[in-house]
1. Helix-only estimate, please: 222 nm mean residue ellipticity of the chain, summing -39500 (n - 2.57) across DSSP H runs of length 4 or more and dividing by its residues, to the nearest 500.
2. Hey, what did the range 163-307 get for relative contact order, percent, Cα under 8 Å, at least 6 apart?
3. Compute the distance from the alpha-carbon center of the range 210-276 to that of the range 34-62, in whole Å.
4. With an 8 Å Cα cut-off and a minimum separation of 6 or more residues, compute the relative contact order for the range 41-274 in percent.
5. For a quick check: sort 265, 347 by the number of other beta carbons within 10 angstrom, fewest at the front.
6. I need the shape label for the chain. Rule: rounded when a/c is under 1.5, else prolate if a/b > b/c, else oblate, with a, b, c from the alpha carbon gyration tensor.
7. Quick one: if the Förster radius is 56 Å, what FRET efficiency do residue 71 and residue 363 give, using the C-beta to C-beta distance and rounding to 0.05?
8. Could you calculate the FRET efficiency of residue 54 with residue 244 from 1/(1 + (r/R0)^6), where r is the beta carbon distance between them and R0 is 51 Å, rounded to 0.05?
Ligand SMILES: Cc1ncc(COP(=O)(O)O)c(C=O)c1O
């Protein structure tokens, strides 16, 4: 019998499944929470301008220019900031920095020192990252309305580990779209002895953000991304903000040139054109409000959203059937087979035209399924 060359941990690993990335004419992609609007014209110009002989050079290793600009925006120092190849890389670096799979910790129990903890349902990458690091995973259910249990509820529930090396909190949450108050996040962060990473990938579409906590509390990191609100998925730029101590430690394990040069340039140019994006946030929020009304009128249970997507429980057909029927019409939405979320669809907010197409096709599906007696 031949011996496998692959680590048993990796052999047993289930890879992350991204939303389908099919490219065909006329396809409406409402499955990956991309922004329907293009980056600002000035950002596109800047990228084009930089596509020349300098591509032979390495980019700035620490994305220093971008960190300076982000520091100015958030009122902190560049030492409080780390840039990643998308915020996915920031999440992965946080695990490598704070979680010890062998359970070595400063005073925490072995189990806590090796634990990656998160509420569920939330971002489906967290368990994959935890597994690939050989960490202990601790998913703890959200309340029935997708709220975060209070500290006392978590204490009496006994499943939440207040000493966990790293806890991810998606805020506002994905895939449910629910927003959380800074006060409740602060209470949770205060009760935790390990690091809490507040994943604010969608925060520009929300009512509140918790950046202040990362700048004030020694165990809190906020992760953000240029992908969603700033229409830059293609360029892969995300970042973390936190104390110099935590961010400095993350820098130690960062790949030397982890953020590509054009990504750095695009993100810097984005920060010089914020007004353009603020208008887009308002457009997305307006379409979101219109879609909430449409869902209510057409028998879908839609959860209030503070993101650029809506989590809905459809009627008439199962969520899976809806996903397949829409797919036949070249409309992609996100559906997961997992028990906790199998009855729901996550539908990204597209452009006004895309949502019109979604509504028209959905109305045809509904009309074809009217029960006749
Ligand atoms: C909650 C959450 N966090 C982080 C990310 C990662 O975004 P990116 O790696 O594009 O910055 C996503 C992407 O879908 C997400 O939904």
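1. Numbers: 14 runs with 142 residues, N = 373.
Taking each H run of at least 4 residues, the total per residue is -11000 deg cm²/dmol.
2. Details: 198 pairs, mean separation 35.9, N = 145.
This gives 25 percent for the range 163-307.
3. 16
4. Normalised by residue count, the contact order of the range 41-274 is 28 percent.
5. 265, 347
6. Values: a/c = 1.57, a/b = 1.20, b/c = 1.31.
It is oblate, given that a/c is not under 1.5 and a/b is not larger than b/c.
7. 0.70
8. The calculated FRET efficiency here is 0.95.
Just so you know, all these numbers are worked out from the coordinates, no wet-lab data involved. Worth saying up front: this structure is predicted, and the values here are computed from it rather than measured. Backbone-built Cβ (ideal geometry, glycine too); neighbour counts: all protein chains shown.
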